[in-house]
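The values are calculated or read from the model by the stated rules, or taken from the named source; none is laboratory data. For clarity, every value in this text was computed on a predicted model and none was experimentally measured. Every residue, glycine as well, gets a Cβ built from its backbone with ideal geometry; the counts of neighbours run over all protein chains shown.
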């Protein structure tokens with residue numbers, strides 16, 4: 001089963017033995033609390049006995065924004081409520097139509113100021129690799 005309909009969800013296989021949760025906040029600059037609450041509510045509605053694959057963010061390691069705090073809370077909810085889980089922390093994706101991704105923003109704003117910062121990017125092949133790894137071992141014990 002796939003929860004979500006964005007760029008990440010679009011490359012995932014629909015499977016009965018795994019719950020791919022790719023229904024998150026599509027803009028890391030989001031300020032509406034209702035959006036964060038929506039994702040939390042949708043997560044907690046899912047079958048807790050299913051093996052969930054939750055897509056999080058590498059920004060949880062270094063960020064201190066509303067978005068990264070939310071992602072840390074969501075990871076904790078996954079670990080607390082689901083019997084089996086895999087948490088995949090992604091960088092900025094390099095494909096798709098979401099105008100809020102780093103790559104799409106830079107494409108749309110070629111004159112954007114680029115600061116001296118590091119950003120990790122993740123291409124579609126990396127997601128497909130993660131997908132295939134989950135496909136090979138859905139019944140293993142929980143891991144992240």
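Taking region 92-111, which residues are modelled with pLDDT under 80 and either exposed (fewer than 15 other Cβ atoms within 10 Å of the Cβ) or assigned to a loop (DSSP other than H, G, I, E, B) (or both)?
101
Please work out which residue is nearest to residue 21 (Cα to Cα), limiting yourself to region 75-91 and to residues that are over 13 Å from the mean Cα position of the chain (by Cα) and in a loop (DSSP other than H, G, I, E, B).
In this case the residue turns out to be 82.
When only residues in region 46-74 that are part of a loop (DSSP other than H, G, I, E, B) and more than 16 Å from residue 3 (Cβ to Cβ) count, which is modelled with the highest pLDDT?
65
For the structure I just gave you, tell me whether residue 66 is surrounded by fewer than 18 Cβ atoms within 10 Å (Cβ to Cβ) and over 25 Å from residue 129 (Cβ atoms). Reasoning before the result, please.
Numbers: surrounded by fewer than 18 Cβ atoms within 10 Å (Cβ to Cβ): yes; over 25 Å from residue 129 (Cβ atoms): yes.
Yes, satisfied.
Could you go through region 6-29 and let me know if any residue there is exposed (fewer than 15 other Cβ atoms within 10 Å of the Cβ) and modelled with pLDDT of 90 or more.
Scanning region 6-29, I find no residue that is exposed (fewer than 15 other Cβ atoms within 10 Å of the Cβ) and modelled with pLDDT of 90 or more, so the answer is no.
In region 69-91, what residues are more than 13 Å from residue 28 (Cβ to Cβ), in contact (Cβ under 8 Å) with a residue 40 or more places away in the chain and surrounded by fewer than 19 Cβ atoms within 10 Å (Cβ to Cβ)?
Scanning region 69-91 gives 75, 79, 83, 84.
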